[in-house]
Amino acid sequence: MKALVLAPMTEDPLARLKELMPVTYESWADTRQLADPEELARRIQTEGFSILVVEADFLPEELFQQAGNLRLVAICRNSLSHVDLEAATGHGVAVVHTPGRNVQAVAELTIGLMLTLARRINSMDTCVKERRWQMPVEPYINAHMQTGELAGKTLGVLGLGNIGRRVVGLASAFSMRVLAYDPYIAPPIQDCRNVTLCPTLADLTGDADYISVHVPDVPGTKDLLNRSLLAEIKRGCRIINTSSYDAVDEAALVEGLTSGRVAGAAFDVFPTHPIPPNNPFLGFDNVVLTPHIGGATRETVARHSVAIVDDIERFVGGLKPEGMVNPEVWGRFD
């Protein structure tokens, strides 16, 4: 077997993979470009690659039709939206992914954004750097600088997947009361303590001081926080979105921020990357925007590197990979 690795990987797991088979390593983080699917299919076939490791490269049906040598595709992320899984399965190609690689990173960013909104850390930093802080006691007499704590506040979590559950745990450590809404999970929640599951989304939005969005970017979650819900949201609520930009009705949120019903918002996801210059949130000083850094940690790369190489070793050794998403093809390798 030979492997073509187009995803960033840490040194030790990559060395393990190179001991197992010949490896061509061309991380997109180094080349600064994604592979053309047609050219990628040609390379797989002519250079004899049987294993392909990617992170963001698109793998359409045509690639699986043309790349007859391919036996395993390893995806260094949770989402499979850029891979034609049906085509992979139809052509007998096993597909594995790494669903837990960025859980801690995104959950920590969520808490960081919540703290930034609560304590206005970004605007206070600007205040000091612009030398507008002249009176030593100003934070104790200026209402704008007197912010709030997370302890005792209510956090509403939309979506109790891996990241949502990790956020619940971190928020509980801050002595927050936690509500959650996820129509696909029924109580009791076995592995998620200190959380109250709300029967409807309105029950959550009407009582939460902070709302954190952790839902997949699919048509069914579009405008999950819609105009009617945002119109009845608890006054002073702050919204954090690190998952799907479309889950929040943009126009309705702008109205809520303008009226003051929504006290602030933080986004790490956008309709396009980079953010378009006409994005309405650019004009609010109580909105925090980060450049899609949720999973951008060294630890995230280390986790997906280990998980992928572990599964490749299992595959080569005749064992079913733990991260396999199309197990129906496994019997074809007997």
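Where a number appears in this text, it was derived from the coordinates with a stated rule and is not lab data. The model shown is predicted, which means the values in this text are computed figures rather than measured ones. All Cβ positions, even for glycine, are placed from backbone atoms using ideal geometry, and neighbour counts span all protein chains on display.
A few remarks follow.
- For the chain, size of Cβ-based charge dipole, Lys and Arg +1, Asp and Glu -1, in debye: 1000 debye
- Vicinal HN-Hα couplings computed from phi for the range 89-101 (Karplus, 6.51 cos²θ - 1.76 cosθ + 1.60; Hz; Gly/Pro x): 5, x, 9, x, 9, 6, 10, 10, 9, 10, x, x, 5
- Count, lysine Cα pairs under 28 Å in the chain, 8 or more residues apart or across chains: 6
- Tail weight of P(r) past 19 Å, computed on alpha-carbon pairs of the range 1-135, percent: 59 percent
- Projected label distance in nm at A231 and T24, using a 7 Å step from Cα toward the beta-carbon: 5.8 nm
- Neighbour counts of C-beta atoms inside 10 Å place M135, M145, M114 in the sequence M135, M145, M114, starting with the fewest.
- Rounded if a/c under 1.5, otherwise prolate or oblate - the range 103-289, Cα gyration tensor axes: prolate
- The order of H97, H82, going from fewest to most other C-beta atoms within 10 Å of their C-beta, is H82, H97.
- Projected label distance in nm at Q134 and R119, using a 7 Å step from Cα toward the beta-carbon: 2.7 nm
- Residues whose placed amide H lies under 5 Å from that of V288, excluding near-sequence neighbours: A265, A266, F267
- Rounded if a/c under 1.5, otherwise prolate or oblate - the range 21-84, Cα gyration tensor axes: rounded
- Gyration tensor verdict on the range 229-334 (Cα atoms; rounded if a/c is under 1.5, prolate if a/b is larger than b/c, oblate otherwise): prolate
- For V262, the residues whose amide H sits under 5 Å from its own are G236, L257, ignoring neighbours fewer than 5 places away on the same chain, with H placed 1.01 Å from N.
- Phi-derived couplings, Karplus 6.51 cos²θ - 1.76 cosθ + 1.60 at θ = phi - 60°, listed residue by residue for the range 69-86: 6, 5, 10, 9, 10, 10, 9, 8, 6, 7, 5, 10, 5, 9, 10, 7, 5, 4 Hz, with x used for Gly and Pro.
- In sequence order, calculated HN-Hα J values of the range 13-25 (Karplus, 6.51, -1.76, 1.60; Hz; x Gly/Pro): x, 5, 5, 4, 5, 5, 6, 7, 6, x, 10, 9, 10
- Neighbour-count order for M21, M1, fewest beta carbons within 10 angstrom listed first: M21, M1
- With Cα atoms, 0 to 90° folded angle of helix 162-173 axis to the chain main axis: 40 degrees
- Crossing angle, helix 298-316 versus the chain [Cα axis fit, 0-90 degrees, rounded to tens]: 30 degrees
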